[in-house]
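Participant: My structure is below; once you've seen it, I'll send some questions.
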Amino acid sequence: MTPSQKINIGLLGYGTVGSNVYGLLESQAGEIEKATGASISISRIMVRDPSLPRAGAPSELFTGNFDDILSDAGISIIVELIGGVEPAFDYVTAALEQGKAVITANKQLLSRQGFYLFRLAQDKKTQIRFEASVAGAIPVIKVLRESMVAAGLKSIYGIVNGTTNFILTEMSRTGVRYEDALARAQEWGYAEADPGEDISGKDAAAKMAILASIAFHTSVGLEDVTCAGIENVSRRDIAYARELGLTVKLLGVARLYDDRINVRVYPALIKQDHPLASVSGAYNAVFLKGAAIDEIMLSGPGAGGTETASAVVSDIISAVARRESPGFLEYPVAYRNLDFFPDEEVVSTFYLRLEVEDEPGVLAAIASAFGKHGVSIESVIQKGRGARAELVMVFHPVKESRFAAAIKEAGGLEVVKSTPRPIRVEGSHDDGQ
Ligand code: HSE
């Protein structure tokens, strides 16, 4: 038997995910060595304060100095788990410049600087891998890069933020208020350090930028993703949706329109029998739809220490397995240069709850405002609330620019007493989903 090659890794960050990566590499060492023919271990760990006592790794591995890792010629792979754009960008750039392979879980970094880093890795004939940056334990990047090459992908959509899915699930399941559900999500460790990133949809937008880039081989940055969060989803909407057989989810949607692409994140209502409706708690699910594959759904834990660590370790294994042949399946991420398809031209179905005066002619006035813009009402339910009433409306599919004009007009009517906040309904017409 030939002796295993020894591979040393430098780890940046030793939080929940970092310590679990260390633990998995230790506990699964035998399996990993069988799969790769290499003995892989973490030989240095960079943390802010190396003097603090830590469980797991021996204290002599810790350093506060990135140069100790960068200048160590024995380290061929750097795993970046510190998150955020700076100083992660400098560390990753320096590692790639030296030809070291980089594994990162950093969606903030990749959704802003990904294309620079992908190109740099290619120029330096090394690898950058980022499975853990999207959807936790779900191996979606690898599936897109390797298994979908000939699938003719047309759309990729799903639930890519665990915190908001947890919050919406809790609100629907128990009727708790948004703030209480968020506090619970933070307690369980799903939320980002700044939960605003989750709530506003920005975390999901960063992940969709990465997924869309990989799926459609084109450059999509965070700024190219239109995003709305769950701040305005009310308990009333959730309750009415349930009456209509619908459930609320924060969806990421990336879709090809011929040779143009549209990428967005928004809260959407989906039918309760749609497979996404049963994805609950902090779970994520991604649908891939393409000419050759019909539809594939990948689902699993979207966050969590061991779960995210599992994705990081899978990247380490791939990086080691490909160390002799970086050309194989290391094709450029963005070899097409697609234009964007404007949001206003997308055809969508909308749900709308309006608080109105409960008087004769009100419904007719509202229907006429929508009718004027060619927006057709599919169903309307009126709920009495004293002198006021609530209209819960669902519309036929319509171009979004038209709907926006109709909403503006209807919202301006004297009899309308609330700010109209429509929610898209997905999976209900032939929109490619
Ligand atoms: N805050 C993220 C989420 C964690 O809720 O999905 C994983 O990126």
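Participant: Summarise the accessible area of segment 346-425 (1.4 Å probe, protein heavy atoms) by the percent that is carbon and sulfur.
Facilitator: Values: 1870 of 3740 Å².
Within segment 346-425, the accessible surface is 50 percent carbon and sulfur.
Participant: Taking Cα atoms, how many degrees apart are the long axis of helix 162-174 and the longest axis of the chain, rounded to 10 and kept between 0 and 90?
Facilitator: Roughly 40 degrees, rounded to the nearest 10.
Participant: Got a sec to turn the phi values of segment 218-231 into Karplus ³J(HN,Hα) couplings, 6.51 cos²θ - 1.76 cosθ + 1.60 with θ = phi - 60°, whole Hz, x for Gly and Pro?
Facilitator: Result, ordered by residue: 9, 8, 10, x, 3, 5, 8, 9, 6, 9, 10, x, 9, 4 Hz.
Participant: Right, next: At a probe radius of 1.4 Å, what is the per-residue accessible area of THR349, in Å² to the nearest 10?
Facilitator: Accessible area of THR349: about 10 Å².
Participant: Compute for segment 46-169: radius of gyration divided by Kirkwood radius, i.e. Rg/Rh, restricted to C-alpha atoms, rounded to two decimals. Provide the component values of the computation, followed by the final result.
Facilitator: Working: Rg = 16.9 Å, Rh = 16.5 Å.
The Rg/Rh ratio comes out at 1.02.
Participant: Which of the peptides 358-370, 398-410 is most tightly packed, and how do the rest follow, judged by the mean count of other Cβ atoms within 10 Å per residue? Show your work: numbers first, answer last.
Facilitator: Values: 358-370: 15.5, 398-410: 18.2.
Ranked from most to least packed, the peptides come out as 398-410, 358-370.
Participant: So, one more: Using only Cα atoms, find the angle between the long axis of helix 202-216 and the longest principal axis of the chain, and express it within 0 to 90 degrees, rounded to the nearest 10.
Facilitator: Its long axis makes an angle of about 70 degrees.
Participant: Give me the percent of accessible area attributable to carbon and sulfur for segment 93-136, probe 1.4 angstrom.
Facilitator: 41
Participant: Where the centroid of each part is defined by its Cα atoms, how far is segment 138-194 from segment 220-258 in Å?
Facilitator: With segment 138-194 and segment 220-258 each reduced to a Cα centre, they are spaced 12 Å.
Participant: Excluding same-chain residues fewer than 8 positions from LYS6, which lysines have a Cα within less than 21 Å of its Cα?
Facilitator: Cross-link targets: LYS34, LYS100, LYS125.
Participant: Could you put GLU187, GLU131 in order of accessible surface area, largest first, with the 1.4 Å probe and the full protein assembly present?
Facilitator: Ranked from most to least accessible, the order is GLU187, GLU131.
Participant: If you don't mind, there's one more thing I want to ask. Can you pull the percent of segment 140-302's accessible area that's carbon plus sulfur, 1.4 Å probe, other chains left in place?
Facilitator: On the way: 2870 of 5980 Å².
Result for segment 140-302: 48 percent of the exposed heavy-atom area is carbon or sulfur.
Participant: Using each residue's phi in segment 88-98, evaluate 6.51 cos²θ - 1.76 cosθ + 1.60 at θ = phi - 60° and report the 3J(HN,Hα) Karplus result to the nearest Hz, with x for Gly and Pro.
Facilitator: So the J values, rounded to whole Hz, are 3, 4, 5, 5, 5, 4, 4, 5, 5, 3, 7.
Participant: So, counting K/R as plus one and D/E as minus one, what does the shell of residues with Cβ under 13 Å around GLU97 add up to? Let's see the in-between values first.
Facilitator: Working: positive: LYS100, ARG119, LYS124, LYS125; negative: ASP90, ASP123.
Its environment carries a net charge of +2.
Participant: According to the Kirkwood expression over distinct Cα-Cα pairs, how big is the hydrodynamic radius of segment 301-433, in Å?
Facilitator: On the way: mean 1/r = 0.0531 Å⁻¹.
So the Kirkwood estimate lands at 18.8 Å.
Participant: Before rounding to the nearest 500, sum -39500 (n - 2.57) across all DSSP H runs of length at least 4 in the chain and divide by the residue total; then give [θ] at 222 nm in deg cm²/dmol. Display every interim value, and only then the final one.
Facilitator: Working: 13 runs with 143 residues, N = 433.
Computed ellipticity for the chain at 222 nm equals -10000 deg cm²/dmol.
Participant: Could I ask something else about it? Please label the shape of segment 133-277 as rounded, prolate or oblate, based on the square roots a ≥ b ≥ c of the eigenvalues of the alpha-carbon gyration tensor (a/c under 1.5 means rounded; beyond that, a/b larger than b/c means prolate, else oblate). Please report the intermediate quantities before stating the final value.
Facilitator: Details: a/c = 2.03, a/b = 1.60, b/c = 1.27.
It comes out prolate by the Cα gyration axes.
Participant: Please list, or write none, the aspartates and glutamates whose alpha carbon is within less than 15 Å of the alpha carbon of LYS142, excluding same-chain residues fewer than 8 places away.
Facilitator: Answer for LYS142, where 15 Å is the Cα cut-off: GLU131, ASP315, GLU330, listed by chain and number.
Participant: Give the calculated FRET efficiency between LYS125 and GLN5 to the nearest 0.05, with a Förster radius of 25 Å applied to their Cβ-Cβ distance.
Facilitator: Numbers: r = 19 Å, r/R0 = 0.75.
With a Förster radius of 25 Å, E is 0.85.
Participant: Taking the 0 to 90 degree range and rounding to the nearest ten, how far is the long axis of helix 305-321 tilted relative to the main principal axis of the chain, both from C-alpha atoms?
Facilitator: Approximately 50 degrees, to the nearest ten.
Participant: Over the chain, average the accessible area per residue using a 1.4 Å probe and give it in Å², no decimals. Walk me through the numbers on the way to the answer.
Facilitator: Details: 18370 Å² over 433 residues.
Per residue, the chain has an accessible area of 42 Å².
Participant: Let me ask something additional. Report ASP67's accessible area, 1.4 Å probe, all protein chains in place, as a number in Å² to the nearest 10.
Facilitator: In the full protein context, ASP67 sits at about 90 Å².
Participant: May I ask you to work out the translational diffusion coefficient for the chain at 37 °C, viscosity 0.692 mPa s, via Stokes-Einstein with Rh from the Kirkwood sum over Cα pairs, reported in whole µm²/s?
Facilitator: Values: Rh = 23.2 Å.
The diffusion coefficient I find is 141 µm²/s.
Participant: Ok, one more. Could you tell me which of rounded, prolate or oblate describes segment 280-343, using a ≥ b ≥ c as the square roots of the eigenvalues of the alpha-carbon gyration tensor, with rounded for a/c under 1.5 and, failing that, prolate when a/b is larger than b/c and oblate otherwise?
Facilitator: On the way: a/c = 1.97, a/b = 1.04, b/c = 1.89.
Oblate is the answer for segment 280-343, as a/c is 1.5 or above yet b/c matches or exceeds a/b.
Participant: Based on the inverse mean of 1/r over its pairs of different Cα atoms, what is the Kirkwood hydrodynamic radius of segment 1-89, in Å? Intermediate results must be reported in sequence, preceding the final value.
Facilitator: Working: mean 1/r = 0.0730 Å⁻¹.
Over segment 1-89, the inverse of the mean reciprocal pair distance is 13.7 Å.
Participant: Counting Lys +1, Arg +1, Asp -1, Glu -1, what net charge surrounds SER299 among other residues with beta carbon under 14 Å of its beta carbon? Write down the numbers at each step before the final one.
Facilitator: Values: positive: LYS249; negative: GLU295, GLU307.
Result for the local shell: -1.
Participant: Compute the relative contact order of the chain as a whole-number percentage, counting only Cα pairs closer than 8 Å that sit 6 or more residues apart in sequence. Walk me through the numbers on the way to the answer.
Facilitator: Details: 878 pairs, mean separation 68.5, N = 433.
Rounded, it is 16 percent for the chain.
Participant: What number comes out for the charge environment of LYS124, summing +1 per Lys or Arg and -1 per Asp or Glu over other residues with Cβ under 15 Å away? Numbers along the way, then the final one.
Facilitator: Numbers: positive: LYS100, ARG119, LYS125, ARG129, ARG322, ARG323; negative: GLU97, ASP123, GLU330.
Net charge around LYS124: +3.
Participant: With contacts defined as alpha carbon pairs under 8 Å and 6 or more residues apart, what's the relative contact order of segment 140-302 in percent? Before the final figure, lay out each step's value.
Facilitator: Values: 305 pairs, mean separation 55.7, N = 163.
Once divided by the residue count of segment 140-302, the mean separation gives 34 percent.
Participant: Oh, and also: Whose amide H sits under 5 Å from the amide H of LEU251, counting only residues 5 or more places off or on another chain, with H placed in the peptide plane?
Facilitator: Residues meeting the criterion, in which the H sits 1.01 Å from N, are TYR266, ALA268.
Participant: Let me ask you something else. Tally the DSSP beta bridges in the chain and give the antiparallel ones as a percent, rounded to 5.
Facilitator: On the way: 51 of 79 bridges.
So the antiparallel bridges in the chain amount to around 65 percent.
Participant: What lysines does LYS399 reach when the alpha-carbon gap must be under 23 Å and sequence neighbours fewer than 8 apart in one chain are set aside?
Facilitator: By straight Cα distance, LYS399 reaches LYS154, LYS249, LYS271, LYS289, LYS372, LYS408.
The values are calculated or read from the model by the stated rules, or taken from the named source; none is laboratory data. From a predicted model like this one, the values you see are computed outputs, not experimental measurements. Methodologically, a virtual Cβ is constructed for each residue, glycine included, from the backbone with ideal geometry; neighbour enumeration extends over all protein chains shown. Ligands, DNA and RNA are stripped out before the accessible areas are found, and what is left, the full protein with its side chains, is counted by its heavy atoms. Shrake-Rupley method; radii C 1.70, N 1.55, O 1.52, S 1.80 Å.
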